[in-house]
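Rule-based calculations on the coordinates, nothing more; no lab input. Everything numeric here is computed off the predicted structure, so don't read it as measured data. Note that we place each Cβ from the backbone using ideal geometry, even for glycine, and neighbour counts take in every protein chain shown.
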Amino acid sequence: MGHVSEDRTKERVASTAWWPKWEKELSEYINTCERCQKANRKHGEKYGLLQHIEEPKNPWETINMDWVTGIVPGGKESFNSFLIIDDRFSKSVRCLPCHKEDTETDTALLFWNHSISTCGVPKIIISDRDPKFTSEVWTNLYDMLGTKLAFSTFYHPQTDGLAKRLIQTMEDILRMFCAYGMEYKEHEGYTHDWVTLLPAVQLAYNTSQHSTTGRSASLVEKGWNPLLPGDHLKKNLLTTHPTGKDFHDMWKKACDTAAKFITEAKEYNKQRWDKAHMEPDFKEGDQVLVSTLNFNNLKGP
């Protein structure tokens, strides 16, 4: 007998037949129909809340690397993306403007000049399976530095939930930041866009309390929090050079705005993720069906 939904099937059966406990038996039959479970789409919440891998014991020992793309070109070099490097121990981040079209060599130089030079050589780098990280250039770099490359599971970003949530949080912060005027025009008419202001977002993020550690990333990483532009605010700025005042105002506004949105973005992103996911209720020994959504069924071995 063919059947569609449970209600429609019961309606059809009720019009022609009856037997004791027929509704209960029909429900069990429909809900355990192997053919339907294999053919029908999976609806409802996805299985798997965010999972984290084993954490390191020292700052910049294990890092995540990923890109935020799809950004309006900014700066003199028209950067259209930025590389995020995240320290899994302290939760500190480095945001490096770059181009989506950069080669593996460009990325390696960016990493060498702005991460290794200030934070040292990591033991483990975690990222997705981007071709840049599997190229000959990066393979030789790993061998030379003694660094291990670890991939997040293909088609399963929950495996590296911390990094993915960070990327989404930074995107949300920048999106809200842009909506409230991420461009700043100084007295001489020069306009500073997201490339100039990105370091302020990075500073605000690293000096904000992290929900996991209860401390700021800077405090965990360095043992102290850097002073912010507002900490040295002078009572009288009339005698300062206009350009200096412009930069001070620009950075203070950027830091204050970014700090305001960081908490909102983190909470919004967590709620958005967990709303569409749930803890699986499988028990050891249960038989389960595996989705073939990302399987290639057209090619043989």
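Under a 5 Å amide H cut-off, with hydrogens placed 1.01 Å from N, residue 216 pairs with 210 among residues at least 5 apart or on other chains.
Amide H to amide H, with H built 1.01 Å from N, residue 81 comes under 5 Å of 98, 100, counting only residues 5 or more places away or on other chains.
With a simple spin-label model that places each label point 7 Å from the Cα along the Cα-to-Cβ direction, the separation between residue 13 and residue 222 comes to 6.9 nm.
Figure the gain on full extension for residue 30 and residue 57 (residue separation times 0.36 nm, minus the Cα-Cα span) and round it to one decimal in nm. Can you show the working numbers first?
Working: separation 27, 0.36 × 27 = 9.72 nm, distance 5.11 nm.
Full extension from residue 30 to residue 57 adds 4.6 nm.
Farthest toward the dipole's positive end in region 74-150, which of 134, 107, 150, given Cβ charges of +1 (Lys, Arg) and -1 (Asp, Glu) about the Cα centre? So the residue furthest toward the plus end is 150.
Here the simple spin-label model places points 7 Å from the Cα toward Cβ, and for residue 149 and residue 249 these points are separated by 4.8 nm. Sorting 133-146, 203-216, 99-112 by their mean Cβ neighbour count within 10 Å, with the most densely packed peptide first, gives 203-216, 99-112, 133-146.
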